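The values are calculated or read from the model by the stated rules, or taken from the named source; none is laboratory data. The structure displayed is predicted, hence computed values, not measured ones. Note: ideal-geometry Cβ built from the backbone for every residue, glycine included; neighbour counts use all protein chains shown. These area figures cover heavy atoms from the full protein model, side chains too; ligands, DNA and RNA do not enter into them. Shrake-Rupley method; radii C 1.70, N 1.55, O 1.52, S 1.80 Å.
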Amino acid sequence: MDGMSELVIETHELSKRFGRKLALDALTLRVPRGGVHAVVGSNGAGKSTLFRVLLGILSPTAGSSRILGEDSQTLTPETRGKIGLVHEEHTLPSWMTVQGLTNMQRSLYPRWKEGTYGEVLGHFQVLPEQKISQLSRGERAGLNLALALAQGPEVLILDEPTLGLDVVAKQAFLESLLFAGEGEECTVLYCSHQMDEIERVADNLIILERGSLVSMAPPEEFCRRVSGWVVDWTSPPPEVRAIPGFLQARDVDGQQQLMVLDQDEGFSECLEILGANAVLRLPIGLNQAVNAYLTRNHSSPNA
Amino acid sequence: MWHLIKSELLRFRRLGFGFAVAHLLVLRAVSGFGDFFAPSAAKIGLGLLTYALTGLILGLYQIGSHKKIHRWAYLIHRPLAPRKIFLALCTAAGMWLFLVLSLPQLLITLYLDGMTPLWVDLRQYALIPFLFGTAFSFYLVGCFITLSRSRGALLVAFLPYFFLTRDAVGLWVFLPQLVVLAWLAYLAASAFKPDLSTPLRRPLAVAASAFPTQYALFWVLVAASAVGYQSLVIFQEEGWTGYATHAWDTHFAEGSYMNAQYQHGIEALDHGLRGEDTQRSVYLRKQIELAEILETSPWLAKFPSRGQLMFADGSRSLIDEDKDIVWTFSHDRMLFHGRDQGSGKAIGWLGLDGRIASRPFPEVPYVVGNRFLLTQQRIYRFDPRREQVDLRFEVGPGEQLYGGFEQEASMLTALTDKAFYFFDPKDLRDESGPMAPTAAFALPGEIRNLSGVEVAELLDGYLVSFLFGTRSEAGYGPARQIMAELRVDGSHEVVAERVLGQGWPAFNRYRGFIFSPFLEWVHGTAWSWIGPDRANRVGFGEIASRELPASVLLGALSVAGLSALLTAFVGRSRDLTPKARGAWVLAAFCLGLPAFLSLFLVTGKREGVELPASRPRLLRQGWRMA
């Protein structure tokens, strides 16, 4: 198998326009087989649009997208059978029973894994005779995940699946996902705003901003790129344009917390040249790093 | 796929069973009225509207509820081809429509057939699949409207009109319906695709959606321009206040066909003689002022056909009020079936030889006024006292009746496509056989172009006015009024002939042709083929040989050229390939203004990306994991 054929998702200069809004802006993305790939970005960054284009539910305005080697716009039923989808609404036919729905899904997917289904559903208090409309949101999420994983998908798209779930349901959901991922050849695309979840499950972090890919790296690598500093200025702080790699600044108790990108230990000397009296480097987590990264343009919308 | 069908069946089970039971109860209640199989036009309309709306609402709701973005992803993203998914939804909907609409109808029909004295013909069973087809066609319309991105999809609701108003016979009644069903199914299946935000692209699918849209637009244009022009005329003549009070009878110029149409009785006869100043015409004018006038027209444009659905029946029952018996014609037996209205019991059959031998009618008769029965070539008279049906008049081979036995004072007449007959009313009392006409006047024009006949009884004969011109407005025949005198000795002569002008200006009369000659032709031939009444049938030869004013031809050509030019210009901003744009320009030239207008409804707007030249990005190139 050559290098290109190992890609499960590949977009090339992919753009999608809704009237005056450009939801995807010449997005070129290559996702290799295996692992959990977290897709993050602020609201309107184009995450859900990307998933819809990948599934052929939306057509691109320009560019192309492929999933499992097939053009997204002409996905065959067989390929669709290899792609699982769980989204935030956990849309399931409310008029059916759990057993009825399971039977339907079982008949549709030839690679159905009864064991996986049972084990995932075991994390939730769901009875076969229950109607879908009687399930709580968390139970529906669990059932939805169980059904998606039992298909034996090669690609699993999770679009904010834990949105609105309580702590217990979220925990059960993530454990199910982590458990089911073990030893499977399933590539997971996981979209979420919950960085703690991403920190737990993601092997790779894809950051979208205004429809463009702005970063793609393992979470720890990305964390290393973003550094935080506490600075005590002797005089008024310099203009942010003067600070290399500037992402975010916040005043706390007369001091300034700075978040910067791609700066090493030598950055403290730079700050001192700019007028810093005292400089201290802060340890930061993924949540802070991503937030700082995504909000940089909020500080300067015209940048 | 079966599981998906089952899922959709389960989805509507409560509503469906409730509706079915309610429908059954309503039908049972309605079947208690005597006219269950011979309902009035209003009841037919209400029934059809109910079934059509049921189908339409089911289509709108079923697909509409799946269309929300997450639900759509759940429905469409599965290892089934979209067409199979759509087939599953349609199958479930079809099963529900059968259960909710057809099964109650079938149960009630079986009940009436087997457990009541009512006679049920085979065609009454055929009504059940026809109504199912009607409901299902509107279900497909609902699906297409919901699936389509354009509001113009509403115009496909025009397609069922092709079979709803038709009255073809026997199994042929289903042919137009099946064609429309296949058309709608193809359209809806084509629109059922993963990406609902894009318009149809396959040429056949685009053509299948464009044609009904254009046809509907054609009628919108024809109707709107008529209303617009007439409103303008009213405004010019009487101002704003005229809209409530304007009377058209004074609008048209004297000597025009439209003006002549508004003349009745003495006025009509006087209109025909206007301009004549011979001694005879002066004499005739004096006579008609005192004369009794008989007015008639070719009112019987369509005879019932054996096996036709009940929509086209008109009248098929004879009511014997003295004995309280209703005689209802059976298409299966070609006899009248009698039922005592008091006891509800069946009392036997009535045929050409009365109740004894019950010889079947050769054709389905049209019942006129509880007394006369008309077939294409015969007029029978029903005598309730003797319970006999007597043949009273028969026309020659190749001749067809268009009206029969109109009586006024001592005049008794019948109208055929060949002649206008006079009879002696006293002969009606005679029960001995067919009556012989006392006089016959060969029709001085084509029956389909005949608007009306007025007859004045003179001292020494009759003065007859024939007003021709019903088809003249469309350019298919002359407009003229012919006055003929028929004397007691049987001789007759034309005493006056007025060539009439047209009431409306040419651009108003030929506006359909100007908007789209092709769609006007399609309309004419389609209606003629599917089975309209005799008067409205237009042959291809007639359409082709119709003489049109040069201004109309120039107008149609200009509209076609302008439509093509506008399509070429607007087409640049639509989401079309160069080849498709060329096809649209050609279509606009051939189909005229409706084709240009449909461009906005059938195609999507072209959307470019148009990225700014420089855009701040930290990273734009693709990434790969190490």
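Just a few scattered comments:
- Taking the average, over residues, of other Cβ atoms within 10 Å as the packing measure, peptides B:499-508, B:188-197, B:246-255 rank B:188-197, B:499-508, B:246-255 from highest down.
- Using the Cβ-Cβ distance between residue A:76 and residue B:29 with R0 set to 51 Å, the FRET efficiency from 1/(1 + (r/R0)^6) comes to roughly 0.45.
- Note: relative contact order over segment B:2-198, using C-alpha pairs below 8 Å and six or more positions apart, is 30 percent.
- HN-Hα J in Hz across segment B:90-107 - Karplus 6.51, -1.76, 1.60, θ = phi - 60°, x for Gly and Pro: 5, 4, 4, 5, x, 5, 5, 5, 5, 5, 7, 9, 6, 4, x, 4, 5, 4
- Solvent-accessible area per residue, Å², over segment A:193-303 with all protein chains present [probe radius 1.4 Å]: 50 Å²
- Shielded by partner chains, segment A:43-80 residues - at least 30 Å² of accessible area, 1.4 Å probe, vs chain alone: A:52, A:57, A:59, A:61, A:77, A:80
- For residues of A:99-108, the mean tally of beta carbons on other chains within 10 Å: 3
- As computed over the protein assembly as shown, the Cα convex hull volume per residue (Å³): 240 Å³
- Taken over chain A, the convex hull of the Cα atoms encloses 155 Å³ per residue.
- Descending principal axes extents, segment B:44-183, alpha-carbon based, whole Å: 56, 28, 25
- Percent carbon-and-sulfur accessible area, chain A, ignoring ligands, DNA and RNA, probe 1.4 Å: 49 percent
- Sequence-separation-based contact order of segment A:222-299, relative, with Cα cut under 8 Å and 6+ spacing, percent: 44 percent
- Percent carbon-and-sulfur accessible area, chain B, ignoring ligands, DNA and RNA, probe 1.4 Å: 63 percent
- Test item: A:88-96 mean partner chain Cβ contacts at 10 Å: 5
- Sparse-neighbour loop sites [GluC sites (Glu not before Pro); segment A:171-237; at most 12 other C-beta within 10 Å; DSSP]: A:182, A:185
- Spherically averaged projected area of segment A:222-299 from its Cα convex hull (nm²): 4.7 nm²
- For the peptides B:79-86, B:588-595, A:89-96, A:211-218, the ranking by packing is B:588-595, A:211-218, A:89-96, B:79-86, with the highest mean count of neighbouring Cβ atoms within 10 Å listed first.
- Interface of A with B. Using a 1.4 Å probe and counting protein heavy atoms only, the two chains hide about 4200 Å² of accessible surface, both sides summed.
- Derived from the Cα gyration tensor, the three semi-axes of the equivalent ellipsoid of segment A:156-303 are 35, 15, 14 Å, largest first.
- Helical contribution to [θ] at 222 nm, DSSP H n ≥ 4, -39,500 (n - 2.57), averaged over chain A, rounded to 500: -9000 deg cm²/dmol
- Solvent exposure of chain B as accessible area per residue, Å², 1.4 Å probe: 46 Å²
- Amide H contacts of residue A:213 (H built 1.01 Å from N, in plane; Pro and chain starts excluded): A:28 sit under 5 Å, all sequence-distant by 5 or more or on other chains.
- Working from Cα pairs under 8 Å separated by at least six residues, relative contact order for chain B is 12 percent.
- Counting only DSSP H runs of at least 4 residues, each contributing -39500 (n - 2.57), and dividing by the residue count of chain B, the helix-based mean residue ellipticity at 222 nm comes to -14500 deg cm²/dmol.
- Sequence-distant residues sharing a close amide H with residue A:39 (under 5 Å, placed H): A:190, A:191, A:192, A:206
- Dipole magnitude of segment A:4-217 about its Cα centre (Cβ charges: Lys, Arg +1; Asp, Glu -1), debye to nearest 20: 720 debye
- Peptide packing for A:30-40, B:339-349 was compared via the average number of neighbouring C-beta atoms within 10 Å per residue; ordered from the highest value, the list is A:30-40, B:339-349.
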